[in-house]
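The values are calculated or read from the model by the stated rules, or taken from the named source; none is laboratory data. These numbers come from a predicted model, not from an experiment. Cβ sites come from the backbone with ideal geometry, for glycine too, and all protein chains shown count toward neighbours. Areas reflect the complete protein model, heavy atoms only, side chains present, ligands, DNA and RNA absent. Shrake-Rupley method; radii C 1.70, N 1.55, O 1.52, S 1.80 Å.
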Amino acid sequence: QVQLVESGGGLVQAGGSLRLSCAASGSIFSINAMGWYRQAPGKQRELVATITSGRMTNYADSVKGRFTISRDNAKRTVYLQMNSLKPEDTAVYYCYAYIRPGWGKPWDDYWGQGTQVTVSS
């Protein structure tokens with residue numbers, strides 16, 4: 001079983017910062033891309049940022065310059081440092097990873113349970 005467990009969400013004032021973490025555990029042979037998506041009430045889930053195993057990054061235009069994604073491959077953990085937060089960043093943030101759970105097993109998408117980020121104005 002593969003699990004992604006997020007932490008670090010919470011309530012913060014506009015202009016503040018939060019750091020999200022997501023650790024992958026369980027039967028894992030290899031991890032390729034990891035990332036973060038978010039879903040605000042009444043909206044579709046959207047990409048926030050992704051990072052490959054080679055640490056190539058991709059960001060949504062709305063967070064460029066404010067958010068930084070990073071990963072620790074040894075710890076199987078991905079981080080999202082969020083600075084200069086805005087009320088429109090309020091959403092449930094989901095961790096994502098593209099994982100091969102075992103030798104000979106197919107790659108697949110895995111998701112965390114989500115962590116709430118609320119930014120007050």
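A few points about this structure:
- Qualifying positions in the stretch 29-45 - in contact with a strand residue (DSSP E or B) (Cβ under 6 Å, 6 or more places away or on another chain) and either modelled with pLDDT under 95 or not aliphatic (A, V, I, L, M) (or both): 29, 30, 32, 35, 36, 37, 38, 39, 45
- The sole residue among 34, 56 that is surrounded by fewer than 14 Cβ atoms within 10 Å (Cβ to Cβ) and of a type in the set (A, V, I, L, M) is 56.
- Selection of the stretch 66-121 for residues being open to solvent by 20 Å² or more (accessible area, probe 1.4 Å), aliphatic (A, V, I, L, M) and over 11 Å from the mean Cα position of the chain (by Cα) yields only 74.
- Listed by first and then second residue, the pairs linking a residue in the stretch 43-56 that is of a type in the set (Lys, Arg) to a residue that is open to solvent by 60 Å² or more (accessible area, probe 1.4 Å), with Cβ atoms under 9 Å apart and 6 or more places separating them unless they lie on different chains, are 45/39; 55/73.
- Residues of the stretch 40-85 that are assigned to a loop (DSSP other than H, G, I, E, B), farther than 18 Å from residue 5 by Cβ and in contact with a Ser or Thr (Cβ under 9 Å, 6 or more places away or on another chain): 40, 41, 53, 55, 56, 65, 66, 83, 84, 85.
- Of the candidates 49, 24, 40, 33, the single residue that is touching an Asp or Glu at 6+ places or on another chain (Cβ under 9 Å) and among the small types (Gly, Ala, Ser) is 40.
- In the stretch 1-39, residue farthest from residue 68 (Cα to Cα) [restricted to those that are among the aliphatic types (A, V, I, L, M) and not in a strand (DSSP E or B)]: 28
- Residue selected from the stretch 95-121 under the condition part of a strand (DSSP E or B) and in contact with a Cys (Cβ under 9 Å, 6 or more places away or on another chain), by the criterion farthest from residue 2 (Cα to Cα): 115
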